[in-house]
Amino acid sequence: LVCLFILWFFGLYNIVTLVFGIGGAHLMASYIFRPLTEMAVSKCFGKDASENLDKTAFNNPFNFKWIDIGSWAYGYAFAIAWIVVGFSYVQPLNNTYYWIMQDVMCVLYCIYFLTKLELNSAMIPVVTMLMVFVYTIFYAILARDRLLGSSILVDITRNAGTGMWADYCDNYHWDPACLGSQSPLPLLIALPLPRDFRGGFAMIGLGEIIVPGLLISFAARYDAARMLVKKC
C-alpha cells in the first residue's frame, strides 16, 4: 500500500520504466539469448566453439564469460530500444515493437519470480491474495470516492494521463512535454483490441499472475513430492 501511494504521489513513472527495462535486459539475456546462442553456435560451429563461449572473457576479475557478454549485448540492445520508444511516443503501446517487448519481459518476470520464490506453505499465497483483494478494494473504490478523489490504480495504469493534461496531449501530441504522458506502467501485460476504434488495450497486472501463480506452483511441487514419496 505504501509503495503504491509513494509511486502515485511522486509520479516516479519514468524511473520504474528504466528499472523495468534494465531488469528485462538481464532476463532476456538469461532466458532467451543465452540458450539460443549456445544452441546456434553448437550447431553451426561445433561443440568446441560452444565450449569456448564458457571461457572467461579478457581475464576479467568478475569471471564474466563470453556467452554472458554476448547475451547481455543482445538483451540490452532490445531493452534500450524499448525504453527509447517508450519515451518517444505519447502512447507507446500504439507501437507494435513496444507492447510485444513489454509483454515478453513481463512473462520473463513472472517466470523468474515463480521459479525463485519456492514457498513451503499454502498459507502464504492465500493470505497474500486476500491482502491484494483488500488493497484493490481500498485504492479502486474507497480511496477514489472518499479520500483522494481519484483511483490510484487507474492513474498509475494510465501513467496519470487523465484530466486536463490528457486532453491537452490528445490535441497537441507533438508537444515534447507530452511524450510518454499516456504510457502505462510496464508492470502489466497489454494486448491491443483490434476492433476498438479508440485504440484500447486489454491489460492484466503482473501481481494478478504472480500471486495466484505462487499457490499453483506450490500445489504442483506438493503433488510432485507426493508422487516421489509413493515411488520411493
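Here are the numbers for the structure shown:
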item	result
Among residues of segment 27-61, those that are part of a helix (DSSP H, G or I), modelled with pLDDT of 75 or more and surrounded by 15 or more Cβ atoms within 10 Å (Cβ to Cβ), counted	12
Where Ser121 falls short, out of the listed (1) under 23 Å from Phe201 (Cα atoms); (2) part of a loop (DSSP other than H, G, I, E, B); (3) among the hydroxyl-bearing types (Ser, Thr, Tyr)	(1)
In segment 1-26, residue farthest from Thr136 (Cα to Cα) [restricted to those that are surrounded by fewer than 20 Cβ atoms within 10 Å (Cβ to Cβ) and at pLDDT 80 or above]	His26
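The values are calculated or read from the model by the stated rules, or taken from the named source; none is laboratory data. Owing to the predicted nature of the structure, the values given are computational and were not obtained by experimental measurement. Ideal geometry is used to build each Cβ from the backbone, glycine not excepted, and the neighbour counts take in all protein chains shown.
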